Amino acid sequence: MSTVAVVGGGAAGLMAAGTAARFSKVTLFERNEKVGKKLYITGKGRCNFTNLTEPSEFLRSVVGNPKFLYGAVNKFTPADAMAFMEAQGVEVKEERGHRVFPLSDKASDITKALTNYCKGNGVDIRLGSYVEELVHTDCGYEIGFAGGEKLLFDKVILACGGITYPSTGSDGNGYLLAKKLGHEIIDPKPSLTDIKVREDVSALEGLSLKNVAVSVCVGNKTFLRQGEMLFTSDGVSGPVILTLSAYISRMDCCGAKLYIDLKPALDTETLDKRILRDFDKYKNKFFKNSLDDLLPTRLIDYITERTGINPDKPVNSVTKSERQRLLQIIKALEFTVLGLGGKERAVVTSGGVNVKEVNPATMESKLCKGLYFAGEMLDVDALTGGFNIHIALSTGFVAGKAAGEAL
Ligand SMILES: Cc1cc2nc3c(=O)[nH]c(=O)nc-3n(C[C@H](O)[C@H](O)[C@H](O)COP(=O)(O)OP(=O)(O)OC[C@H]3O[C@@H](n4cnc5c(N)ncnc54)[C@H](O)[C@@H]3O)c2cc1C
């Protein structure tokens, strides 16, 4: 029976280890004192572990290298992920947007299910085991630990995660192990994160806007999304912004322009008529008091300032060109992007092990026979909605099956 080492006890490593152990002798090494440290904080502690869509639709939400994931997501589908959890005794539920959670709303149930799967199949889980070195020898793979101990395995599955939330254990060290074995690492960048802007928005911190359209123009590309966003102390965040960050994370976005259309349902002409109606209604008031019906209270001072119109000007003396300026700002409130939120606050990593060097049918390295990759370590990433954990589970399943079965 061949021996398999799995490095990393997140969703990918646990799934890979439990699956490989159906056919081989498996040892899982996790640097932390418990497995699944990141899983505990996913989905605000509820763990949105998959998205119940057909694989073809699922792949439309994958931003980084969807084609590479075609085989994995078809071999271990979202329906399989649900059935897997149920078989491990976890009741599940589907929520808005096909997102699937444990019925208990406890992420710990998902970690328990994966751990039980490993234990049930006889995986030897070694906690507090930081793999420092990985060497390909004629007899297999030599794994070196802090303290000098070395162990030999026939095969290795690297599932060390990405660079985000490094306090959970995934701090990018896995890339170094892969790099030393000759793999190219596509520059890992934070994704699904907030966007920092040059303008001072600190006065708006915490203000949430529903149903706005946000566009980001990077070079000659424009990305547009509509929905909910909020202001932070130094930029913007919320669902729409996280999605946009995924599209621009691989680009040099410093200096890019971000526009918020505060009234996407109204075209310019209709909005102008609406403003004129409001100006008429508030004709005896100051300009700053004429926008109450149109904008959230907390935004009025900010918008007024951006128009450059004297806030204490009587509404009936606001000129046509001033009104046009107001209109333009409401339809396209402009910001200059400074960059994305750092790895401490990003949900996922874009970049990682170059998928061109990995066989998508098995997750085996094309450069080192017997070496496999799974999860966020790979240069794959998706939008929010349960896609990223599913990617970890499905690539873990494929890598585990291939590593366990292969002679
Ligand atoms: C706040 C937050 C919320 C999220 N919510 C969701 C969600 O609801 N749904 C969703 O789909 N995705 C979510 N994600 C993303 C998702 O959690 C990850 O994409 C996924 O968990 C990655 O799994 P992984 O197994 O590849 O990596 P990880 O979970 O990062 O696991 C890697 C493991 O390897 C260990 N390790 C690393 N190096 C070594 C080493 N040298 N030796 C030994 N062990 C090592 C680490 O300690 C870690 O336990 C969220 C992410 C964050 C940060």
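The values are calculated or read from the model by the stated rules, or taken from the named source; none is laboratory data. Quick caveat, the model's predicted, so the values are computed rather than measured. Every residue, glycine among them, receives a Cβ derived from its backbone with ideal geometry; neighbour counts consider all protein chains shown.
Some notes on this structure:
- The single condition among (1) over 29 Å from the mean Cα position of the chain (by Cα); (2) part of a strand (DSSP E or B) that Leu326 does not satisfy is (2).
- Summed over segment 24-73, residues that are assigned to a strand (DSSP E or B) and β-branched (Val, Ile, Thr) total 5.
- Unique match (being surrounded by fewer than 18 Cβ atoms within 10 Å (Cβ to Cβ) and either in a helix (DSSP H, G or I) or touching a Leu at 6+ places or on another chain (Cβ under 7 Å) (or both)) among Lys356, Lys369, Lys288: Lys356
- Asn121 being surrounded by 17 or more Cβ atoms within 10 Å (Cβ to Cβ), modelled with pLDDT of 95 or more and closer than 30 Å to Ile241 by Cα: no
- Qualifying residue in segment 321-332 (condition: away from the ligand (no atom under 16 Å from the Cβ) and closer than 29 Å to Val123 by Cα): no
- Residue within segment 353-374 that is of a type in the set (S, T, N, Q) and within 24 Å of Arg99 (Cβ to Cβ) present: no
- Of all residues in segment 248-285, those being part of a loop (DSSP other than H, G, I, E, B) and in contact (Cβ under 8 Å) with a residue 60 or more places away in the chain number 8.
- Screening Met1, Met82 for residues that are farther than 16 Å from Gly120 by Cα, more than 14 Å from the ligand (Cβ to nearest atom), touching a strand residue (DSSP E or B) at 6+ places or on another chain (Cβ under 7 Å) and not β-branched (Val, Ile, Thr) leaves exactly one candidate, Met1.
- Qualifying residue in segment 295-307 (condition: outside any helix (DSSP H, G or I), assigned by TED's automatic domain parsing to the domain that holds Ile330 and exposed (fewer than 15 other Cβ atoms within 10 Å of the Cβ)): no
- Pairs, first surrounded by fewer than 24 Cβ atoms within 10 Å (Cβ to Cβ) in segment 387-407, second in a helix (DSSP H, G or I), C-beta under 7 Å, six or more apart: Lys401/Thr19
- Check on Ala107, within 12 Å of the ligand (Cβ to nearest atom), touching a His at 6+ places or on another chain (Cβ under 7 Å) and either modelled with pLDDT of 95 or more or within 29 Å of Ser245 (Cα to Cα) (or both): no
- Which listed residue, of Ala159, Ala213, Ala203, is within 16 Å of the ligand (Cβ to nearest atom) and of a type in the set (A, V, I, L, M): Ala159
- Which listed residue, of Leu266, Leu295, Leu258, is over 16 Å from Leu327 (Cα atoms), at pLDDT 95 or above and out of contact with any Gly (no Cβ under 8 Å at 6 or more places or on another chain): Leu258
- Looking only at segment 23-57, and only at residues there that are near the ligand (Cβ under 9 Å from one of its atoms) and hydroxyl-bearing (Ser, Thr, Tyr), the one that is surrounded by the fewest Cβ atoms within 10 Å (Cβ to Cβ): Thr42
- Tabulated pairs, segment 360-379, first over 22 Å from Thr349 (Cα atoms), second more than 16 Å from the ligand (Cβ to nearest atom) and in a strand (DSSP E or B), C-beta under 9 angstrom, 6+ apart or interchain: Cys368/His136; Lys369/His136; Lys369/Lys155; Gly370/His136; Gly370/Gly140; Gly370/Lys155; Gly370/Glu364
- Residue check, Gly71 buried (at least 16 other Cβ atoms within 10 Å of the Cβ), more than 18 Å from the chain's Cα centre (by Cα) and under 22 Å from Gly172 (Cβ atoms): no
- Among the residues of segment 149-179, those that are within 16 Å of the chain's Cα centre (by Cα) and assigned to a helix (DSSP H, G or I) comprise Pro166, Thr168.
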